[in-house]
Amino acid sequence: MIRQKLKYLLPSVRREHERDMREELEALRLLAERGELGNLTLAAEDARAVWGWTWLSSLAADIRYGFRALVREPGFLAAAVLTLALGVGANTTIFSVINATVLKPLPFPDSDRLVLLWKTFGKGPGNENLMSAPDFWDLKTQTHSFERVAIFDSSGRGYNLSARGAEPEQVSGVRVSADFFAVLGAKPMLGRTFLIEEELPSRDHEVILSYGLWKRRYGSDRAIVGQTIRVDGEPFTVVGVMPRDFAWQFWSGPRQLWVPVGYTKTDYARENNSFLSIARLQPGVTVAQARLEMAAFGSRLGKQYPVDDAGAGGTAETLAGYGLEGARRVVFTLLTAVGFVLLIACVNVANLMLARGASRQKEIAIRRALGASGWRIARQLLTESLLLAVLGGTAGVILASWSSGLLFHVLGPGTQLPMRQVDSIPLDGHVLAFALILSCLTGILFGLAPVIGALRTGVSDPLKEGGRDSTEGGGSRLRHLLVTSEVALALVVLSGAGLMIKSASQLLSVDPGLNPKNVLAMQISVPQEAIYTGPPGLPHFCRDLAEHIGAIPGVAAASAVGHLPFGGTAGRGFQIEGRPPATAENMPGARYSVACPDYFRSMQIPILKGREFNLQDTLESPGVIVINEAMAREFWPKENPVGKAIRFGGSDGPRLTVVGVAGDVHFEGLDAPVASQFMRPYTQAGWPVMNIVVRTSYASPTFFTAVKKALREFLPDLAVSDAEPMTDILRDSMASRRVPMLLLSAFSVVALLLAAMGIMGVVSYSVTRRTQEIGIRMALGARGADVFGLVLIGSMKWVLAGLALGVAGSIGLGQLMGALLYRVRPTDPVVLGTVSVLLAAVALLASYVPARRAANLDPIRTLRHE
Amino acid sequence: MELLPGTLDMLVLRTLIFGPLHGYGIARAIRGTSKEALAIEFGSLYPALKRLEMKGWIASKWDTSELNRRAKFYRLTAAGRKHLTQEHSKWAEFVEAVTNVMGPVPVP
């Protein structure tokens, strides 16, 4: 039977059957009495269906027919395809970005079994903490959920590569334990990875190169393995080169080299939480099980080491999911907004189809009179809608291929995702599948409108001569409901954009606490033994900096700081002299950094009390600190802190005297409250990464070259990163809001345009249908103004209903945006009011044009037209 | 009288038991034997013929009719005959069961 059916697919077989059937029916017609056999065409049609492939040929016929019908109305076709292209294009663009970022798989085998392990302090969220090397040693022996565990110093740092006769260069690298590569499932391309004994300081002068570094700096020399290169001025043996597809990055940019962890003396302290732990789960162990085991492990640490690990816990999370909470919120918000844009596009096309369906009522009525079933009509109309949707979707993909490139360009700087290198936004199979499915869903959605319209209309009404509903009929209520929904959707998108714009303007009005204009910042890694306790690795760094860089013409001030504002921070506990000693658990603490003299002057951070660091603060002179206003408020609310002293790191730590109070800087971001912060002079306390800041008296791109040249004079072996203007750093710190703001603004322009088009279409159409009614009204004495008001009020009634619904929806979207908003509530009356008025104005304008036309109708011509 | 759903195939097979017939002949035969009680729409009979043919219960061939006109004649195949026997006994059981339940016509 199946074989027969399949045979029927062959055109020759089918032709044979068709001829046979035609002859048979013709013969029967001659035998029977006239009309006795009924509708033979229908009988043949049903007989064909027995063979099972009629749907295929009728589908082909429907597509052909639909195509011809669409081409006959180029105006309708263009409007519908363009509208759909905007809707599908915007969605495909956003999806392609999500596909290339958040959904991008990590470049490691079985990456869903990779987890990050944390020690926790206090309740979440955000209670994840780094762990110390002794914690890691315990973890390795005491847990069973993991196949392998490794540690690395989270984001790593810059390493200085130097060689005779070559420019020194700073590249980013990470200290890793021996199993690091095995955890990731990565094998070296050349040589080997680290051995367990190389974790110790005596054997740690070895390095593994990334493919990129090996190719660029070492000319793809395969003999590099075993050779010695200079890293931070010391000889390191190259033991391996990683393959091209191995990319490890934490937050920014792939790392270029790896060195063994080489435990230092400070690493042996359990309190020195400076490592991140990564592990591969045992097969069959879930993340939830690992989390439980880590919690137990953490609380055991807390009991065992009540001083260092008081109140500790532990947790685990997938490597792939790490750091995506913020991105997820952005993704949800954008998907909602862009989904609404698509719905508006759907509504518009549904409206277009309804208007077109009205002019096709006669055609459909004739088809039904000839015996077509309702289902058959619905199928044909849906086929046409799907055809339109696929055409629109194709145009949308073309649009997306262009706009995703543009978006990537805008997104590029300041967008950092953990673990993922985003270097392009491809239109791959996933994106195309997404666009296709979306188009089909869209087609079904807007295709339902004409189907409902067609099936509700009776067979005989449209065929009556001159038959029409001369006033607003039932179909028009559907159309007006579509206007209402369109306005509501547009309002939600608009207010999303409005809330983001208001957040951004609130954010921009926050005084950062420093003057970022004409300040260049660049990073340099300096040799440093112990980070919190040791003397500076370069004792004359600050003096040399001031002398050499300060001497460049046009430089107003030059200094350096351990943590650049809007970058990372460190924290440190202390005891306040003259107050009862606190226990380790509730020891006071604050954000901590180091700075060279003149730092506050360079950044134009006001000194409110006392003084800032100067070159007289040396290792021989008493220890000093400068605190920020927040710290003064927190610890010396009613006293003058200048002259007070603290014990750094605990009661037996060095005694440091407060010599100055500086103005608050929003160093953790403009949207974060200012935390207490204190700084020590670099001349008294070292730090391994320093940010050189140079204030110039005018903006010029040539300063960097001069600064680099000056640096070479006193630090010939150390390389410096590219200079970045402080204004860019400040701007990038707001990137997480800038991107959704720009996108939501773009979507709202599209939404507004589509809504205006939709409203204008519906009102125009209803005026056309009511021509006769309006003519009679005017013949009976209505003036132009009356008709104008009638049309306008008729339309605005539905618009206002949409606005009311939209306000409710906007508040919902605002809740979803949550932390994306800054000092704006989702119910902000200014934002909601402004966008409502804007949308109402646009709707009024869109109704004005057809209302004018109605008012100018000539009643005599209208009625004679009948 | 409308046909009970699913009975048309059985009726067609039963009609062909006496020999080959063309489509119009089958329709006429059912109408005749049922004493005009069963109105067979040709529109549903014709697809039924195609369906039965595909299932292999009937076979068709062109031949000359009683009035010397060409027509397509359908005949019962061996498989069709077997199927009809099964259907027939099922039908008999069904009728008996329904009759048992319904009993004689109740007096109003």
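Set side by side, the residues A:Ala746, A:Ala782, A:Ala819 differ, and just one is small (Gly, Ala, Ser) and at pLDDT 90 or above, which is A:Ala746.
Screening A:Ser111 on (1) in contact with a helix residue (DSSP H, G or I) (Cβ under 8 Å, 6 or more places away or on another chain); (2) polar (S, T, N, Q); (3) away from every other protein chain (no Cβ under 14 Å) shows it passes everything except condition (1). Among strands (runs of 3 or more DSSP E) entirely within the stretch A:204-244, having at least 2 residues that are exposed (fewer than 14 other Cβ atoms within 10 Å of the Cβ) singles out A:234-241.
So A:Leu292 clears everything in (1) more than 30 Å from A:Gly447 (Cβ to Cβ); (2) at pLDDT below 90 except one condition, right? Which one? So the condition that A:Leu292 fails would be (2).
The residue of the stretch B:71-93 that is farthest from the chain's Cα centre (by Cα), among those that are more than 9 Å from chain A (Cβ to nearest Cβ) and under 16 Å from A:Leu25 (Cα atoms), is B:Phe73.
Conditions (1) more than 14 Å from A:Leu114 (Cα to Cα); (2) in a helix (DSSP H, G or I), marked per residue:
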| residue | (1), (2) |
| --- | --- |
| A:Ile278 | no, no |
| A:Glu293 | yes, yes |
| A:Val307 | yes, no |
| A:Gly323 | yes, no |
| A:Val330 | yes, yes |
| A:Leu335 | yes, yes |
| A:Phe340 | yes, yes |
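So which of A:Ala546, A:Ala590, A:Ala584 ends up being at pLDDT below 95 and part of a helix (DSSP H, G or I)?
A:Ala546
For the stretch A:113-132, the criterion of being touching an Asp or Glu at 6+ places or on another chain (Cβ under 8 Å), modelled with pLDDT under 95 and among the small types (Gly, Ala, Ser) is met by at least one residue. Filtering the stretch A:686-724 to residues that are touching a Leu at 6+ places or on another chain (Cβ under 8 Å) and more than 23 Å from A:Val594 (Cβ to Cβ) leaves A:Thr696, A:Phe703, A:Phe704. Applying the set (1) modelled with pLDDT under 85; (2) within 14 Å of chain B (Cβ to nearest Cβ); (3) buried (at least 17 other Cβ atoms within 10 Å of the Cβ); (4) assigned to a helix (DSSP H, G or I) to A:Ser58 leaves exactly one unmet item: (2). When the residues of the stretch A:138-148 are filtered to those that are surrounded by fewer than 21 Cβ atoms within 10 Å (Cβ to Cβ), in contact (Cβ under 8 Å) with a residue 24 or more places away in the chain and not basic (Lys, Arg), the one that is farthest from A:Arg712 (Cα to Cα) is A:His144. For the stretch A:268-289, the set of residues classified as of a type in the set (D, E, K, R) and modelled with pLDDT under 90 consists of A:Arg270, A:Glu271, listed by residue number.
This table checks each residue for (1) without any contact (Cβ under 8 Å) to a residue 40 or more places away in the chain; (2) touching an Asp or Glu at 6+ places or on another chain (Cβ under 6 Å); (3) more than 8 Å from chain A (Cβ to nearest Cβ).
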{"residue": "B:Glu2", "(1), (2), (3)": "yes, no, yes"}
{"residue": "B:Pro20", "(1), (2), (3)": "no, no, yes"}
{"residue": "B:Tyr24", "(1), (2), (3)": "no, no, no"}
{"residue": "B:Gly32", "(1), (2), (3)": "yes, no, yes"}
{"residue": "B:Leu38", "(1), (2), (3)": "yes, no, yes"}
{"residue": "B:Glu53", "(1), (2), (3)": "yes, no, yes"}
{"residue": "B:Ile58", "(1), (2), (3)": "no, no, yes"}
{"residue": "B:Thr64", "(1), (2), (3)": "yes, no, yes"}
{"residue": "B:Arg69", "(1), (2), (3)": "yes, no, no"}
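Among the residues of the stretch A:662-681, the ones that are closer than 18 Å to A:Gly571 by Cβ and assigned to a loop (DSSP other than H, G, I, E, B) come to 11 in all. Selection over the stretch A:10-53 of residues that are free of Cβ contacts under 8 Å to residues at least 40 places away in the same chain, away from chain B (no Cβ under 11 Å) and either surrounded by fewer than 16 Cβ atoms within 10 Å (Cβ to Cβ) or not in a helix (DSSP H, G or I) (or both) gives a count of 10.
Within the stretch A:96-119, how many residues are closer than 26 Å to A:Trp402 by Cβ and out of contact with any Ser or Thr (no Cβ under 9 Å at 6 or more places or on another chain)? Total meeting the criteria: 5. Restricting the first member to the stretch A:313-332 and to residues that are under 13 Å from A:Ala279 (Cα atoms), and the second to residues that are at pLDDT below 90 and among the hydroxyl-bearing types (Ser, Thr, Tyr), the beta-carbon pairs closer than 9 Å and six or more apart or on different chains are A:Thr315/A:Thr120.
Of the residues examined, A:Gly75 is not one that is touching a helix residue (DSSP H, G or I) at 6+ places or on another chain (Cβ under 6 Å) and either surrounded by 15 or more Cβ atoms within 10 Å (Cβ to Cβ) or away from chain B (no Cβ under 14 Å) (or both).
The values are calculated or read from the model by the stated rules, or taken from the named source; none is laboratory data. Bear in mind the structure is a predicted one, so any value in this text is a computation, not a measurement. Glycine gets a Cβ as well: all are built from the backbone with ideal geometry, and neighbour counts include every protein chain shown.
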